[in-house]
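Please treat every number below as a calculation from the coordinates, not as lab data. Every value quoted in this text rests on a predicted model; they were computed, and no experiment measured them. Cβ coordinates were reconstructed from backbone atoms using ideal geometry, including for glycine residues, and neighbour counts include every protein chain displayed.
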Amino acid sequence: MRVEQALRLLPSLEALMPLRGLLLSSARPDERVRWGSGGPYLTVGKREVEPGELTRRMGPVLAVVAEHIAALYGAYVEALERQERGDAPGAVTALVGAGRLEERVGRPTQAQAWYEVALALAEALQDRRPEVETLLALGHVCLALGQYAEGARHYQRALVLSEAEFDQAGAVDASVGLGNAAFERAEWSGAQAWYARALRLTEANGDRLRLGRIEHRLGLLARRQGDHAAAGDHLRRARECLEVLGAGREMACVLDAQGELDAALGRPGPAAGAFREALAWVRRDEPDPGGGLDVAIRFHLAELLLDTGRLLEAEEEMRRAEQLAITSNQTRGLVQIYTLLGTLRGRQGDETGFVFFEQAIALCRALDGPPVDEARVYHAYGLFRQSYGGPDEARAYLERAREIFRSLGVDAEVERVEAELHALSA
Amino acid sequence: MTRPTQDPPAGPARPSKDAVRVLAVGGEGGAGPLQSLRQWAADLKIDLEWAADLPRATRFLAGGRWDLVLAALGERSDEELTWWVDALRGAPGSPRLIALADRPSMGLALRAEKLGVLDVLALPLEREALANVLGRVRSAATEVALPLPPVEAEAQGHYALVGQSPAMLEVYKLMARVAHSTATVLIQGESGTGKEVVARTIHQHGPAAVGPFVAVNCAAIPENLLESELFGHEKGAFTGAVARKIGRFEQAGGGTLFLDEIADMSLALQAKILRAVQEREIERVGGGESIPVTVRLIAATNRDLQEAIAQGRFREDLYYRLAVVTIQLPRLADRGEDLLLLVAYFARQFGERYGKRIEGLSDRALELLRNHQWVGNVRELRNVIERAAIVSTDATLRTEHLPDELRAEEPGVPERAIRGGGGGLPTLAEAEARHIARVLAHTGGQIGAAADVLGIHRNTLTRKMKEYGL
């Protein structure tokens, strides 16, 4: 049975999300389809799934679910016990811990609910550090969910409290969070100011891990602002801080950014090298393949190949990223990959490429992901339709993208889409 | 000859003539293979370099050309193997991988074969085993270039029909007979045999050539969108119908509508197609108006439609409407010397695209191409040659430019005995494991389908897979 048919039989219930994940990760392409004329358009919806295979793999999944639920229940009981013993900060820590468990399994909305309960408790305490910890966690999850204004509000409060408590690490993290919130909304000068503040605070105490992370963010920001030389300097300093620490994940992020910078500078060879090394750092630290970072780096590598006209290799890389995303249940990554595959088909002059955008939209809806993902799909779909003489459809998709970006407060994106809509009318 | 360094040089140190360039990764320390490799390097004529970990190995790979990478696998050997194969793809010099593992399992060895890994050697590393693999690498370096044959002048463009085999000549004759009529044509053939190319050629040589050629891939389009794609829709007909859409039937007016993979269509949609064919009119989704359409219909499938009819998955009346003339396309394996002509055609096509002048193919590469199964027929061959054209550095396509999966099929390399002994012959269990792995690969890992092919119960297959670590 095809996944698209199987998904139609699965109600959209939160309790069934692990089953949905299992269904997607069990999907395999039929070897005959791979070389058929439908092969180039194969998406997860067109893959095959066997009920027997689901049964076979259900046990381990249920065990993981049970373990997760048990950990959440345990965290809750621990919070109760600590509260009863008068250890309210301990109760907050337990609740925040439960939220972190939820984030780790890709359930940010649930994580947010835990953090909000923790915050209500923390706000009543005299000791403000638990509140700072909770606000930082909330800020982080808000940004992941595309709630940028809300996230900034939490980080702002965390900053005020941590400064009052002389908690320098908290102040640094809150400043970086505020920078990230500004960055996501394309408020470059705001982001610059927050990162610079975080950097000043960190340089004073010589925390190399935090320094490396901030330099990385400054590098990303400088690249977005078009200052490639400054971006290169920040990323080099980030590498210097992080490599000696052997911080694999952070090194991978920095090298990924370096790859994107090299790509923007028209240096495809060094860019590909940076992406490959980034993958090696991920692999070194995270032997389990398929983390979100792994998929994201492969996605950037595929974008590089696409931009340099190496379409066959770009498609191969996207297909590898797709396989990784499917088997590891990285559905957000899948949305990005299908959007890029649609763009690739557009470059090849292949109108049937619209199937990838349709699949990406279906995934966004089925998985209740962050709205920004859906907006990006509609944006790319609009541009695709524009190339194929469908101005009405192109307009409708671009307007939908604009509407979502506007609701998220991403003004730069709203302006970009408006310019495209204007060009469409001209 | 070994230099463990922090910053990799631009290739192996002091490469000597005829030496095999080897990058060893990890394994430093008392029990690691590096110590032995260092001792054997001069004797086995290898230029050895060492990278302490994966990131450093990646820098070495980007910085120079290597013949071999020796990677010690850890506990997650399967995943590590996949990672390495991916990391080496496209690396300068197309290095081959030798995986080193403590007590390699049968599953690992089979997986390595499937991925085109040169060999899996057990730790502690034995000198003879390594010497044997190096011998294979050296013998592969003696390839002779053969000139590519000229391809007919009319075989030009993106959709050319290339081939002179008797099987294709029969196809050409039938095409010539039907092209000038307006008869509906059903093209049957395995995946990648060129059904769309045949359909386009019929269109170009027939009365519908003045009109457009519109192709719809029924397998590619999600079931819920196919109807509106074919017949169009009115604005607001359903969620997402943001504007009126003209369907492919209308777009193909006065020309040819090519329905590819027609067997993938639902029975409900088949009924609507039948109506369009019979009555020559359609209705847009959400519209009440009947719209006349004049199109020549060509359909294609890689499935056995008679069997689909027997199973109730395809309408018999539609079949007879479509199969007024049936053209059966041959498999690439049945087209003899067409393979070489196709290689020449694609090499020229992709050579032009990637700015390279490709004039020859090595004898060993040709042998590999001839021996390959070509499940994906011409489409698979086209992919292989495009990839080879991308990675080639001179005018000859050689084995190093072919995908690992093909290189693993090199003749003269006997099927490796996994556990050794028996004079290199596999045991019965090894042969069974290998066959099961092959069938599983063929069915895309689907256990039910594999059990059907093997003629055993799926529980038995599951048990054997567990037993063999597949």
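Between helix B:106-115 and chain B there is an angle of about 60 degrees, using the helix long axis and the longest principal axis of the Cα atoms.
Total lysine pairs in the range B:166-329 at Cα distances under 27 Å, for residues eight or more apart or on different chains: 5.
Just checking the listed ones, A:192, A:225, A:258: in the Gaussian network model of chain A with Cα springs under 10 Å, the one fluctuating most is A:225. Charges were assigned to the Cβ only: +1 to each Lys and Arg, -1 to each Asp and Glu. The resulting dipole of the protein assembly as shown about its Cα centre is roughly 1320 debye. How far is helix B:267-279 tilted off the main Cα axis of chain B, in degrees rounded to 10, range 0 to 90? The helix B:267-279 is inclined about 40 degrees to chain B. For chain B, the longest principal axis of the alpha carbon atoms and the long axis of helix B:54-63 meet at an angle near 80°. Ranking A:111, A:348, A:219 by Cα position along the charge dipole of the protein assembly as shown, where only Lys, Arg, Asp and Glu carry charges on their C-beta atoms, puts A:348 farthest toward the positive end. Taking the Cα centre of each part, how many Å lie between the range A:173-214 and the range A:307-341? If we compute the Cα centre of each part, the gap is 31 Å. Summing charges over neighbours of residue B:317, with a neighbour being any other residue whose Cβ is under 15 Å away from its Cβ, gives +3 when K and R count +1 and D and E count -1.
Taking the Cα centre of chain A as reference, the dipole from Cβ charges on Lys and Arg (+1) and Asp and Glu (-1) amounts to some 680 debye. Farthest towards the positive end of the charge dipole of the range A:1-115, among the residues A:29, A:95, A:70, is the Cα of A:29, using unit charges on the Cβ of Lys, Arg, Asp and Glu. Each Lys and Arg contributes +1 and each Asp and Glu -1, all at the Cβ; summed about the Cα centre of the range A:1-138, the dipole is approximately 800 debye.
A simple spin-label model places pseudo-atoms 7 Å from Cα toward Cβ; at residue B:429 and residue A:73 they are separated by 4.2 nm. Shielding by partners for peptide B:212-222, expressed as the average number of C-beta atoms from other protein chains within 10 Å of each residue's C-beta, is 5.
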